[in-house]
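Comments concern the structure below.
Every number in this text was worked out from the coordinates using simple rules, so none of it is lab data. Here the structure is a predicted model, which means the values were calculated and not measured. Methodologically, a virtual Cβ is constructed for each residue, glycine included, from the backbone with ideal geometry; neighbour enumeration extends over all protein chains shown.
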Amino acid sequence: MPIKVLAPEVVSKIAAGEVVERPASVVKELIENSLDAAATQVSIEARGGGLNLIRVIDNGTGIPATEATLAFHRYATSKVSNLADLDAISSLGFRGEALPAIAAVAQVELLTRTPEELAGAYLNLKNGVVVETGKRACPQGTSVTVRHLFQNVPARLKFLKSPATESSRVSNLVSQYSLAFPEVRFSLFLDGRMALQTAGNGVLRDVLVKVHGLQTAEAMIPVGEVNSQVWGFVSPYSLARSSRGHLSFFINRRWVQSRLLSRATEDAYEGLLMTGKHPIAVLNISLPAQDIDVNVHPAKLEVKFRNEQALFTAVQRAVRSALVKEMTVPQVMRPPSVVDVPTFISQKEHLSRQEELFEGFAPRPSPGPLPILRVFGQLSATYIIAEGPDGLYLIDQHAAHERILFERVRAQQASRAVEVQGMLEPLTIEVTPRQEEMLRAGGEILDSYGFAMEPFGPRTYLLRTVPALLREGNIAQAVIEILDSLGEEGESGKREERIALSLACHSAVRAGQVLSPEEMHQLVRELEQAESPHTCPHGRPTIIRFTSSQLEREFGRSL
Ligand code: ADP
Ligand code: MG
């Protein structure tokens with residue numbers, strides 16, 4: 001279809017809003033244009049977090065020279081032409097808004113050639129106005145260069161994060177699109193460094209290796225048959241992350257953010273993940289174009305579904321059955337009830353049952369210090385049983401240890417007295433492009449907690465020292481979690497807290513670990529000295545009490 005300006009009645013149906021919020025949104029629009037133009041190779045370059053330069057080059061269909069200027073008109077598009085088209089959108093773009101919106105806030109150069117034309121069309125625009133046109137030799141396809149983004153909109157600049165954070169958003173975005181289009185070869189260069197390159201061979205697992213690293217990619221469990229309604233990969237429950245940032249959903253190959261889909265996926269893990277843990281998932285979902293409305297969000301990041309319940313169930317089932325299949329392997333430690341019971345209790349129901357159970361027993365995070373306790377045993381290798389001035393106390397060994405370590409990490413870090421231990425053998429850690437950006441930007445924070453990491457090959461690092469309190473356990477996972485938490489939004493205080501939290505969580509004794517009497521004593525003594533001994537840093541109780549009068553009542557000694 002040639003590029004045409006949309007009729008006003010079509011324009012009025014388009015979800016208006018800010019298309020270009022930050023550098024990553026420019027990259028998104030340009031990549032979508034390349035994919036709509038059937039490109040098989042897309043190369044993306046960003047400098048200075050995208051504020052100095054963004055360049056996207058593709059080998060797609062190109063724009064006919066006669067239409068190049070028109071492409072920068074508002075609501076000029078070759079992808080839809082009438083109202084009926086809006087009801088069944090099959091292209092990624094459809095509003096004809098992106099190029100003019102980008103040109104309005106930056107300096108833009110376009111070089112493009114269709115296979116029929118001998119010379120490429122060149123356009124140079126400043127503040128949305130064409131200042132130069134011409135013909136130039138160029139390969140088939142399109143190259144768009146965006147310079148000095150937002151320089152004429154200081155208000156926008158103010159809302160941006162540091163160049164490193166903006167770069168990490170760009171790399172996350174390119175990672176998402178390369179997962180959605182494994183048959184396209186993506187290359188990403190950030191400040192001249194190659195941050196990501198996919199093979200473009202159509203194999204999703206190969207892209208997973210590039211984005212999540214070999215170890216994670218190998219562990220991922222396939223969901224559904226390739227190209228079935230719901231298909232892709234999810235992490236086994238043993239491989240969880242502390243943020244939801246690793247859930248990728250593509251509806252008809254469009255990258256979308258959807259609470260519904262996140263909930264459906266996480267629901268499938270019900271009972272398998274610790275609180276605060278989230279799976280990694282890459283799921284492709286196909287729906288008839290009429291069953292979704294992609295025209296509801298200015299950046300097309302969210303979509304509306306005609307039948308939410310059916311979709312929720314389809315995703316939840318597909319993921320659940322993949323997980324269950326995986327769990328039939330004998331000898332895997334798992335909570336058995338979850339696998340055998342066909343109906344799942346919702347998280348809410350679970351919590352309310354728990355509250356019922358604890359009613360009257362829970363200490364209700366009571367302020368003040370703990371009484372002196374006499375330890376006399378361990379229950380289910382998970383709880384420490386102790387006697388106190390008024391009754392029986394049960395201490396959750398993991399939660400209690402987490403509290404102790406959390407306070408210790410915070411204190412050591414605040415007084416810059418972090419105890420560090422060297423690794424006998426340096427540990428190799430693979431990171432995603434996004435994590436690598438965070439590492440480049442926030443390496444000193446990691447350092448201040450006792451992690452010394454040095455670059456070692458593409459997206460691979462050597463870990464030489466770790467905080468002394470970190471147990472052997474899964475050190476790599478702790479590092480990955482901390483990197484992820486650096487990328488999360490929030491003020492720096494919160495970030496520090498999250499780091500201390502993952503450190504404490506990874507270092508604390510686990511439930512199911514048998515403790516010697518000395519270890520139990522030590523733990524209880526340290527808990528008594530903690531500042532906030534009653535809850536773990538996630539807010540769960542560390543200790544519950546059965547008062548003497550409750551015991552008397554239960555045994556019918558008093559009424
Ligand atoms: P939309 O993608 O919503 O149509 P854009 O402003 O992003 O609007 O692009 C306007 C038009 O320019 C597109 O409809 C398409 O015809 C053309 N175009 C933009 N980028 C490319 C590209 N990389 N390859 C081929 N054509 C392109
Ligand atoms: Mg577009």
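Annotations
- Packing, taken as the mean count of other beta carbons within 10 Å per residue, orders the peptides 204-213, 238-247 from highest to lowest as 204-213, 238-247.
- P(r) weight above 33 Å for the chain, C-alpha pairs, percent: 51
- Amide H contacts of Val153 (H built 1.01 Å from N, under 5 Å, at least 5 apart or other chain): none
- Solvent-free Debye scattering, log10 I(q)/I(0), computed from the Cα coordinates of segment 404-486 at q = 0.10, 0.12, 0.20 Å⁻¹: -0.22, -0.32, -0.91
- Per residue, the average separation of C-alpha pairs within less than 8 Å and at least 6 apart gives segment 146-305 a relative contact order of 17 percent.
- Sequence-distant residues sharing a close amide H with Lys4 (under 5 Å, placed H): Thr77, Ser78
- Bins of 5 Å, starting at 0 and running to the largest distance - Cα pair percent for segment 1-202: 1, 8, 16, 20, 20, 18, 12, 4, 1, 0
- The GluC sites (Glu not before Pro) of segment 119-227 that meet both conditions, a loop assignment by DSSP and at most 14 other Cβ atoms within 10 Å of the site Cβ, are Glu183, Glu225.
- Packing order of peptides 47-56, 310-319, highest average first: 47-56, 310-319 (average count of other Cβ atoms within 10 Å over each peptide's residues).
- Ratio of Rg to Rh over segment 156-299 (Cα coordinates, Kirkwood Rh, two decimals): 0.97
- Based on the Kirkwood approach, the hydrodynamic radius assigned to segment 443-559 is 17.4 Å, with every pair of different Cα atoms included.
- MRE, 222 nm, helices only [DSSP H, n ≥ 4, -39500 (n - 2.57), over the chain, to nearest 500]: -11000 deg cm²/dmol
- Applying a DSSP loop filter and a limit of 16 other Cβ atoms within 10 Å to the chymotrypsin sites (Phe, Trp or Tyr not before Pro) in segment 441-534 leaves Phe456.
- Judged by the mean number of other Cβ atoms found within 10 Å, the most tightly packed of the peptides 549-557, 69-77 leads the ranking 69-77, 549-557.
- Put the Cα centre of segment 56-135 next to the Cα centre of segment 254-326 and the gap is 33 Å.
- Cα Rg over Rh - segment 89-199, Kirkwood: 0.99
- The chain: angle of helix 23-36 to the longest principal axis, Cα-based, in degrees nearest 10: 60
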